[in-house]
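The values are calculated or read from the model by the stated rules, or taken from the named source; none is laboratory data. Note that the coordinates shown come from a computational prediction; the quantities given were computed from them, not determined experimentally. As a convention, Cβ positions derive from the backbone with ideal geometry for all residues, glycine included, and neighbour counts pool all protein chains shown. Just so you know, the surface numbers come from the protein's heavy atoms only, side chains and all, with ligands and any DNA or RNA stripped out. Shrake-Rupley method; radii C 1.70, N 1.55, O 1.52, S 1.80 Å.
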Amino acid sequence: MHPNPAFRKEETQRNIDFVRDRAFGTLAINGEDGPLTSHVPVLLDKSGDAAELHLVRSNPIARAVKSETPCVITVMGPDSYISPDWYGVIDQVPTWNYVAVRLRGRLIPKPHDDLHALLDRLSAHFERRLMPKKPWHSSKMSDGVMEKMMKSILPYHIDITEIEGTWKLGQNKTEDARKAGADGVAAFGQGLEISTLAALMRGAD
């Protein structure tokens, strides 16, 4: 997370809402030979106290985690390179604006019997956004197919101990400079979801 406190003032609830909406991040643990990472869908509860995810058995993290293990999940949002010329102010330097929220906690293996309900909750989280399409549900699977596929997947729970968010949107600039930077992002941004980032920069305080 960026050390500048100007970028870390967002309320915990906004960070929770961001993670619940995005619901996809990078899980990391310390492995025997160095860090292990995996990109996973993740369901954070409304309070921000716990999260759920699943891993394929062959995943290096799944192989390494046999009991409670410290972990971090980083969830990224929009981002873009920022040219100093966009500010209209002298003596500026290039930077990168972005949104990211980091969850710290303990990754806990769960009984395999918990997996089916977890997968149903996960699919429901995304399917309800596709209305008016009738949501997909595992009950649509042919007899025995879901059970066969689940043999290769393991469920996990995370007890969340800390939520940190960085919303680096040019809050350390004057309002005019920040909004000029947002215009530059909207027109020439290099990154992901640049229109979203520009809108966030315009609304930052």
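In this structure, the amide hydrogen of residue 50, modeled 1.01 Å from its nitrogen in the peptide plane, lies closer than 5 angstrom to those of 45, 160, counting only residues at least 5 positions away or on a different chain.
Along the range 137-153 the Karplus relation, 6.51 cos²θ - 1.76 cosθ + 1.60 evaluated at θ = phi - 60°, assigns HN-Hα couplings of 9, 4, 5, 6, 6, 5, 3, x, 6, 4, 4, 5, 5, 5, 4, 9, 10 Hz to successive residues, with x for each Gly and Pro.
From largest to smallest, the equivalent ellipsoid semi-axes obtained for the range 87-205 from the alpha-carbon gyration tensor read 43, 19, 11 Å. Name the residues whose placed amide hydrogens come within less than 5 Å of the amide hydrogen of residue 169, ignoring near sequence neighbours (fewer than 5 apart) on the same chain. Result for residue 169 returns nothing.
Overall, the range 69-205 carries a charge dipole of about 480 debye about its Cα centre when +1 sits on the Cβ of Lys and Arg and -1 on the Cβ of Asp and Glu, all other atoms neutral. Need one word for the range 164-205: rounded, prolate or oblate. Basis is the Cα gyration tensor (sqrt eigenvalues a ≥ b ≥ c); a/c below 1.5 gives rounded, then a/b vs b/c decides. Because a/c hits 1.5 or more and a/b fails to exceed b/c, the range 164-205 counts as oblate. Cross-link partners for residue 148 among the lysines, with Cα-Cα distance under 19 Å and sequence neighbours closer than 8 places in the same chain left out: 110, 140.
If each DSSP helix of 4+ residues adds -39,500 (n - 2.57) and the sum is divided by the residues in the chain, what number results at 222 nm, nearest 500 deg cm²/dmol? Write out the running numbers ahead of the final one.
Details: 6 runs with 59 residues, N = 205.
Rounded to the nearest 500, it is -8500 deg cm²/dmol.
Taking only complete DSSP H runs, can you tell me which helices of the chain stretch 30 Å or more along their own long axis by Cα positions and average at least -1.0 on the Kyte-Doolittle scale?
Numbers: long enough: none.
Correct list, ordered by number: empty.
Cross-link partners for residue 46 among the aspartates and glutamates, with Cα-Cα distance under 15 Å and sequence neighbours closer than 8 places in the same chain left out: 11, 17, 21, 159, 162.
Report D for the range 17-103 in µm² per second (integer): Stokes-Einstein, Kirkwood Rh on Cα pairs, 20 °C, 1.002 mPa s.
Numbers: Rh = 15.3 Å.
Taking Rh from Cα pairs, D becomes 140 µm²/s.
Derived scalar couplings between HN and Hα for the range 100-109 equal 8, 10, 10, 10, 10, x, 10, 7, 10, x Hz in order, rounded to whole Hz, by the Karplus curve 6.51 cos²θ - 1.76 cosθ + 1.60 (θ = phi - 60°), x for Gly and Pro.
Calculate what fraction, in whole %, of the accessible area of the chain sits on carbon and sulfur atoms when a 1.4 Å probe is rolled over the protein chains. Don't skip to the end; give the middle numbers.
Values: 6080 of 11410 Å².
C and S atoms contribute 53 percent here.
Basic side chains Lys and Arg get +1 at the Cβ, acidic Asp and Glu get -1 at the Cβ, and with that the dipole of the range 1-137 about its Cα centre reaches some 400 debye.
At a threshold of 8 angstrom on Cα-Cα distance, excluding pairs fewer than six apart, so keeping six or more, what relative contact order does the range 148-205 reach in percent? All intermediate terms of the calculation are to be shown ahead of the outcome.
Working: 29 pairs, mean separation 19.6, N = 58.
Relative contact order of the range 148-205: 34 percent.
Work from the charge dipole of the chain (Cβ charges, +1 for Lys and Arg, -1 for Asp and Glu, about the Cα centre) and give the residue of 30, 81, 136 farthest towards its positive end. Result: 136, furthest along the dipole toward the positive end.
All Cα-Cα separations within the chain were binned at 10 Å from zero, giving a P(r) of 8, 29, 28, 21, 11, 3, 0, each value a whole percent of the pairs.
Can you tell me the relative contact order of the range 100-205? Whole percent, Cα pairs under 8 Å, sequence separation 6 or more. Write out the running numbers ahead of the final one.
Values: 94 pairs, mean separation 37.4, N = 106.
With pairs under 8 Å counted, the relative contact order is 35 percent.
Peptide packing for 110-118, 71-79 was compared via the average number of neighbouring C-beta atoms within 10 Å per residue; ordered from the highest value, the list is 71-79, 110-118. Remark: the range 78-95, residue by residue, has Karplus-estimated 3J(HN,Hα) of x, 7, 6, 5, 10, 7, x, 5, 5, 5, x, 10, 6, 6, 9, 10, x, 8 Hz, where x stands for each Gly or Pro and the curve is 6.51 cos²θ - 1.76 cosθ + 1.60 at θ = phi - 60°.
Considering Cα pairs under 8 angstrom that are at least six residues apart, work out the relative contact order of the chain and quote it in whole percent.
Worked out over the chain, it gives 28 percent.
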